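Take a look at the structure set out below.
The values are calculated or read from the model by the stated rules, or taken from the named source; none is laboratory data. All values derive from a computational prediction rather than experimental measurement. Backbone-built Cβ (ideal geometry, glycine too); neighbour counts: all protein chains shown. Ligands, DNA and RNA are excluded from the accessible area calculation, which covers all protein heavy atoms including side chains. Shrake-Rupley method; radii C 1.70, N 1.55, O 1.52, S 1.80 Å.
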Amino acid sequence: MDFNSYKVKKSRRVVAVVVAAAVTGILSALVADTLKVITEHYEEAFLENLQRNRYLIFIIPLIGLTTIHLLRYFLFHNKANKGIKEVLDTINKNAHTLPAYKIPSHYFNGLLTVIFGGSTGIEVSTVVSTAAIGALSSRKVSYLRKYRTDLVCAGLAAGVTALFNAPVAGFLFAFEVFTRRKSKLHTAAVVTAVLSSYLITRFFFYKQVFHFSVTNWRTEALPYMVLLGVLAGLNSVYLTKCVLFCKKFFGSLQNDYARIIGGSLLISTMIFFVPNLYGEGYDGIKHVFQHADAPSLAIILPMLAVLLLKPVATSVTLGAGGDGGVFAPSLFIGAFLGLIVCVVLNHFFGLGLIPVNFVLIGMAAVLSGSIHAPFTSIFLVCALADNYVLFIPIVVASLVSKWVAAAIFPYSVYTYQAKHASGALAQVASAPRSRP
């Protein structure tokens with residue numbers, strides 16, 4: 001009788017976790033999709049105004065960063081947003097769970113950062129918001145608290161699924177970056193959230209981000225795709241180092257106004273001379289695909305400028321108080337890098353490589369090196385391409401990029417912050433305490 005009661009009780013809890021994961025997936029999809037739609041609408045509106053008056057760029061980022069600072073100070077009690085580190089702490093440590101205010105905080109800060117020109121994306125803002133939804137659902141029912149990690153992972157996986165309409169990438173992102181739990185219940189919770197998010201997005205918010213045609217690839221081009229993977233790994237490290245340097249530099253500034261004014265001025269100046277640096281950069285990637293139809297050597301210098309400045313613009317945005325991460329910038333950098341490599345090889349060696357293939361492979365490779373999650377990158381870009389024609393070369397380039405990046409610098413932005421935060425806590429804990 002006791003054994004049967006235990007089985008019934010366990011079954012009810014499993015059902016409760018799965019139902020909570022489904023609700024989490026639906027709410028996460030609504031948060032991610034509305035943020036995506038609103039951001040895209042206002043980003044386009046601001047870009048149209050900038051085309052009429054380029055000098056507006058010198059006040060737009062300042063307005064955005066100032067608004068974020070005021071919201072953080074007056075509405076969110078001056079509590080800093082630490083991005084992915086907050087989610088990692090919730091999952092991997094005995095830390096306080098993500099509070100509910102993280103949902104509107106990251107939602108509005110991510111929106112304001114991008115539409116006012118911050119050179120980053122809404123992906124990390126979405127991930128933290130949807131992870132907080134999962135954490136909130138685990139607090140609403142007392143016996144769900146022990147399943148907090150499962151529901152947090154369910155929320156963030158659902159968020160990535162909704163942003164890119166990529167359910168496999170959403171599932172793998174939770175597994176590769178956050179936790180490698182192999183329990184059946186954990187898998188069931190994440191899969192349930194991903195599927196519910198995918199259905200909501202597919203039927204109510206679906207819009208293909210990029211439009212291009214990928215038909216084939218040639219095996220003799222594989223060595224050049226390996227070369228692209230190596231270069232992508234180097235660019236990933238450059239992006240990571242830039243972000244870490246700027247966060248440390250701006251974090252050392254005691255005066256908030258100096259940080260905001262200085263950061264916004266740097267962002268404005270870079271965007272004034274290189275307009276493709278504005279916002280998340282998906283509009284710039286669309287221009288890359290347009291050039292991919294008939295690329296020429298004349299586009300190399302402008303694209304090299306973008307390639308070198310995008311990591312700096314992203315890093316300054318994050319350091320100056322913007323909300324976001326390296327997800328969208330990695331895709332942006334990879335697209336430009338892929339086209340540059342293809343144009344140079346075709347011009348000087350007459351190889352006849354297919355530009356659009358290299359653009360897509362570059363996107364996956366740089367993302368893989370930046371977040372150290374090759375399989376997430378592979379399936380995400382295949383979802384963006386809406387086919388798996390380039391699956392093998394994308395796998396090769398992504399794995400090479402991750403290996404090169406990890407060999408040069410063994411941390412991503414996420415893991416570096418988590419490691420050094422742990423080290424700081426350990427030093428505080430081990431420091432000798434003076435007696436009263």
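Excluding ligands, DNA and RNA, what is the solvent-accessible area per residue of the chain at a probe of 1.4 Å, expressed in Å²?
Roughly 45 Å² per residue, with all protein chains present.
With angles folded into 0 to 90 degrees, how steeply does helix 123-140 sit against the dominant principal axis of the chain? Use alpha carbons for both and round to 10. Once rounded, one gets 10 degrees. Relative protection proxy for 58-65, 386-393, 311-318, from highest mean packing down: 311-318, 58-65, 386-393 (other beta-carbon atoms within 10 angstrom). For the chain, the longest principal axis of the Cα atoms and the long axis of helix 391-408 meet at an angle of about 80 degrees.
Of the accessible area of the stretch 103-258, computed with a 1.4 Å probe over protein heavy atoms only, carbon and sulfur atoms account for 64 percent. Taking label positions 7 Å along the Cα-Cβ direction at both Tyr73 and Ser142, the computed distance is 4.3 nm, reported to one decimal. Put the Cα centre of the stretch 187-239 next to the Cα centre of the stretch 125-159 and the gap is 25 Å.
Once you sort the root eigenvalues of the Cα gyration tensor of the stretch 161-319 as a ≥ b ≥ c, which label holds: rounded (a/c under 1.5), prolate (a/b larger than b/c) or oblate (the other case)? If you can, show how the numbers build up before the last one.
On the way: a/c = 1.75, a/b = 1.18, b/c = 1.48.
Verdict is oblate for the stretch 161-319.
Computed from the Cβ-Cβ distance with R0 of 45 Å, the FRET efficiency linking Arg13 to Lys82 stands at 0.90. Pairs over the 19 Å Cα-Cα cut-off, from the set Lys36/Lys402; Lys102/Lys182; Lys82/Lys248; Lys207/Lys402: Lys36/Lys402; Lys102/Lys182; Lys207/Lys402.
Annotation for Tyr42 and Phe349: the two label points, set 7 Å from Cα along the Cα-Cβ direction, are 4.6 nm apart.
Over all other residues within a Cβ to Cβ distance under 13 Å of Leu331, the charged ones net out to -1, with Lys and Arg as +1 and Asp and Glu as -1.
Taking 0.36 nm per residue of separation and subtracting the current Cα-Cα distance, fully stretching the chain between Trp403 and Tyr101 would add 105.0 nm.
Per-peptide packing, taken as the mean over residues of other Cβ atoms within 10 Å, places 129-137, 280-288, 212-220, 154-162 in the sequence 154-162, 129-137, 280-288, 212-220 from highest down. Model label points for Arg54 and Phe245, set 7 angstrom from Cα along the Cα-to-Cβ axis, are 2.7 nm apart. Relative protection proxy for 346-355, 241-250, from highest mean packing down: 241-250, 346-355 (other beta-carbon atoms within 10 angstrom). Estimated at 0.36 nm per residue, the fully extended path between Asn216 and Tyr257 surpasses their Cα-Cα distance by 9.5 nm. Shape class for the stretch 198-275: oblate, because the ratio a/c of the largest to smallest gyration tensor axis (alpha-carbon atoms, square roots of eigenvalues) is 1.5 or more and b/c is at least a/b.
For the chain, the residue among Ala407, Cys153, Phe273 whose Cα projects farthest onto the positive side of the dipole built from Cβ charges is Cys153. Using θ = phi - 60° in the Karplus curve 6.51 cos²θ - 1.76 cosθ + 1.60, the 3J(HN,Hα) couplings for the stretch 332-345 round to 4, 4, x, 5, 5, 4, x, 5, 4, 4, 5, 5, 5, 5 Hz; x is entered for Gly and Pro.
Overall form of the stretch 128-207: prolate. Here a/c, set by the Cα gyration tensor axes a ≥ b ≥ c, is 1.5 or more, and a/b is the larger of a/b and b/c.
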